[in-house]
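Asks: I am attaching a structure below and will ask some questions about it afterwards.
Nothing in this text is a laboratory measurement; each read-out follows from the coordinates by a stated rule. Just so we're clear, the structure is a prediction, and the values are computed from it rather than from any experiment. Cβ sites come from the backbone with ideal geometry, for glycine too, and all protein chains shown count toward neighbours.
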Amino acid sequence: MLNVPEVLKRLVIGRAKRSEELGETLLPKRLALPIFASDPLSSVAYATQEILLVLTLGGLAYLHFTPWIAAAVIALMTVVVLSYRQVVNAYPSGGGSYEVASTNLGPSAGLVVAASLLVDYVMTVAVSVASGVDNIISALPSLAEYRVLMAVGFVALLTAMNLRGVRESGQLFAAPTYLFIGGVLIMAGTGLFRYLIGDAPVAESAAYGIEPAEGDANLAGLALLMLVLRAFSSGCTALTGVEAISNGVPAFRKPKSKNAAATMAAMGIIAVTMFAGVTALAIISKVHITEDSCRLIGLAGCEGYTQRTVIAQLASAVFGGNNSFGFYYIQAATALILILAANTAFNGFPLLASILAQHRYLPRQLHNRGDRLAFSNGILALALVAGLLLWGYKANVTSLIHLYILGVFTSFTLSQTGMVRHWNSALRTETDPALRRRHRLARVINATGAVVTGLVLVIVLATKFTQGAWLAVLAAVLLWLMMRGIRRHYDQTAAELAVIDPRTERQMPSRVLAIVLVSTVHKPTMRALAYARASRPAHLEALTVAVDKEGLAHLQKQWEDFEIDVPLKVLDSPYREITRPVVEYVRSIRRAGPRDVVAVFIPEYVVGHWWENLLHNQSALWLKSRLLFTPGVMVTSVPWQLTSAAVADHPAARAPGAVRRGEPTTPREHAAARATPGNGARD
């Protein structure tokens with residue numbers, strides 16, 4: 001019989017891999033770059049736009065702050081990249097910021113970092129996919145009404161690709177990443193060349209003025225400072241995902257630290273170059289963009305007008321219009337890289353969740369590898385939460401961006417502070433003068449990173465908290481509390497299960513008292529009685545509940561006719577309950593003999609179709625769930641496979657002459673089958 005779910009699973013994720021093949025999934029630098037750095041590389045597509053959107057709240061008057069804000073973002077990115085190169089070299093086992101903070105600042109600080117990063121990874125998927133959809137709509141405005149459907153569909157596609165394994169997803173994502181890098185560098189180079197020869201590109205929005213938002217005109221003093229700081233914090237989205245390489249060092253080929261550090265340096269150089277080029281072009285071509293199209297002075301029919309993204313306007317200006325090959329190339333490459341930028345989170349989130357699960361802060365299932373040796377449960381969890389977020393916020397980048405980057409700067413600050421303490425500890429024991437000089441330089445770099453990212457964290461909190469960032473803070477706090485609770489549960493469970501005195505734990509019970517639950521005399525009942533007898537208990541009895549007089553009389557007559565040499569205990573149930581009388585009876589036996597063990601045998605049907613489960617075993621399931629909470633009681637299911645189960649398990653069971661599971665095979669079973677009335681089990 002064709003197993004449709006299994007066939008679909010293999011079509012989506014491919015054949016299962018053996019554990020010994022894990023080494024084949026390690027990444028060379030050329031694949032590691034698109035896998036771990038696609039987020040910071042792609043953020044140049046919207047980081048400049050976010051700066052302009054904030055500055056244009058005051059009209060055109062404050063756009064002259066753009067180059068200074070961009071320079072501050074570039075300086076910050078340089079410091080962060082240099083700082084994380086120290087993390088990669090000092091902590092090559094992965095875990096990145098979480099491991100640094102946990103080791104040097106304590107478990108609570110480590111959990112703050114972990115919670116912040118997990119929230120930020122979810123936001124990376126949501127913002128990257130939503131921004132990618134925005135760029136598709138910029139090229140094809142007719143698709144605007146399908147925004148949410150497209151975004152959720154892309155998340156599903158990314159999930160399927162990542163379930164195939166890290167290396168496979170890297171091979172798929174490498175080409176779009178390098179095409180985007182090449183396209184942006186060519187666009188920036190062409191635009192700057194045209195500017196130098198006196199033919200500067202002009203954006204389609206350059207002719208429009210901008211009406212200041214209410215209350216944001218003629219700002220001065222503290223109000224102007226807050227506007228500039230808010231623009232800077234929005235531009236800092238360019239730094240999201242920088243830490244992913246430090247989390248994924250174990251996925252690199254050997255020498256892991258060296259390759260990871262080289263990949264991080266390459267990422268920093270490329271990202272800074274592209275961000276600087278896009279920002280310079282936006283200034284030269286006079287891109288004017290606002291959150292509300294109706295604030296564009298001179299634009300007719302603003303209500304139904306969809307503004308193109310900054311990078312779309314630049315591509316149109318540089319390459320000669322909205323129908324040029326260069327325009328469609330940049331839009332296609334940008335949309336692809338923005339959607340695939342979520343892959344940074346699809347690699348970082350499962351890796352971090354796996355480490356947290358290994359440390360007992362998250363469910364252990366997140367540490368398990370799937371068929372393709374990827375952390376499948378983490379991938380699916382990330383996809384589910386990000387998909388719900390996109391649906392809830394209607395895939396709107398402006399709404400989602402306010403929840404973004406808070407977590408990443410929390411992890412930046414704490415990890416760099418932890419690295420300062422790491423180098424202080426190393427200097428206390430190191431005697432080699434050359435190494436001491438190297439450690440001091442590294443400490444200066446990390447201390448600078450801690451101070452700068454700490455200031456940015458304060459700025460982000462101050463400027464974004466009331467605009468939606470409080471939700472990200474709340475989510476991180478709840479996640480932190482949840483992880484503490486999970487660790488407490490695992491610790492309590494381990495302490496409770498620990499063997500302190502082996503001699504006491506090996507002590508035999510005084511007696512084993514066996515009880516077989518009976519509703520009628522049929523083959524499952526006979527098998528359960530035989531199995532219970534084979535366990536050689538000190539006492540064996542059958543137990544039934546008198547729900548109706550006729551059924552009880554029929555059962556007692558069968559018991560006598562078949563000469564079953566096991567005493568039948570009948571429990572009265574005036575309210576027609578089954579579970580309560582059985583549980584109370586079993587507990588009374590335990591109270592009478594605290595050192596005895598009560599073994600309860602429950603006959604159960606095994607069916608071949610899911611819907612058949614609805615017709616059988618409901619009483620058995622409820623009984624088991626209650627009995628499992630009773631100390632000193634062992635619950636044993638005695639399965640009886642129906643014909644449908646045999647066919648589902650092995651199609652050959654349909655063959656003529658084949659003995660089906662559940663059919664009598666011995667003379668005694670045939671005699672019992674002929675003598676048994678045709679009524680079914682009362683379950």
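Asks: Estimate the FRET efficiency between Ser625 and Leu474 by the formula 1/(1 + (r/R0)^6), using the beta-carbon distance for r and 35 Å for R0, to the nearest 0.05.
Replies: Values: r = 35 Å, r/R0 = 0.99.
Efficiency for this residue pair is about 0.50.
Asks: Please give the length that would be gained between Leu481 and Leu380 if that part of the chain were fully extended, namely 0.36 nm times their separation in residues minus their C-alpha to C-alpha distance (nm, one decimal). If you can, show how the numbers build up before the last one.
Replies: Details: separation 101, 0.36 × 101 = 36.36 nm, distance 2.22 nm.
Result: 34.1 nm gained on full extension.
Asks: Still on this structure: Find out how many positive minus negative residues lie around Gly235, taking Lys and Arg as positive, Asp and Glu as negative, among other residues whose Cβ is under 15 Å from that of Gly235. Could the numbers behind the result be given before it?
Replies: Numbers: positive: Arg230, Lys464; negative: Glu50.
Overall, the nearby charge balance is +1.
Asks: Also, I was wondering about something else. Less than 15 Å from a label point 7 Å out along the Cα-to-Cβ axis of Arg488: which backbone N atoms in the stretch 103-122 qualify, by residue?
Replies: Correct set: 108.
Asks: Which of the lysines could be linked to Lys394 by a straight reach, that is with a Cα gap under 25 Å, when you skip same-chain ones fewer than 8 residues away?
Replies: Lys464
Asks: Something else about it: Which of the three applies to the stretch 204-330, rounded, prolate or oblate, going by the alpha-carbon gyration tensor with a ≥ b ≥ c and a/c under 1.5 meaning rounded? It would help to have the intermediate numbers written out before the result.
Replies: On the way: a/c = 3.01, a/b = 1.62, b/c = 1.85.
Judged from the Cα gyration tensor, the stretch 204-330 comes out oblate (a/c at least 1.5, b/c at or above a/b).
Asks: Next question, about the same structure. Return the whole-Å distance between the Cα centroid of the stretch 315-386 and the Cα centroid of the stretch 236-278.
Replies: The two parts, judged by their Cα centres, are 15 Å apart.
Asks: Could you give the length gained on full extension between Lys29 and Lys254, defined as 0.36 nm per residue of separation minus the Cα-Cα distance, in nm? Intermediate results must be reported in sequence, preceding the final value.
Replies: Details: separation 225, 0.36 × 225 = 81.00 nm, distance 1.05 nm.
Using 0.36 nm per residue and subtracting the Cα-Cα distance, I get 80.0 nm.
Asks: Run the simple label-point estimate for Leu299 and Val451 please: 7 Å along Cα→C-beta, distance reported in nm.
Replies: Placing both labels 7 Å along Cα→Cβ, they lie 4.3 nm apart.
Asks: Oh, and also: If you take the C-alpha gyration tensor of the stretch 4-489, multiply each eigenvalue by 5 and take the square root, what semi-axes do you get, largest first, in whole Å? Let's see the in-between values first.
Replies: Details: eigenvalues 251, 143, 95 Å².
Square roots of five times the eigenvalues give 35, 27, 22 Å.
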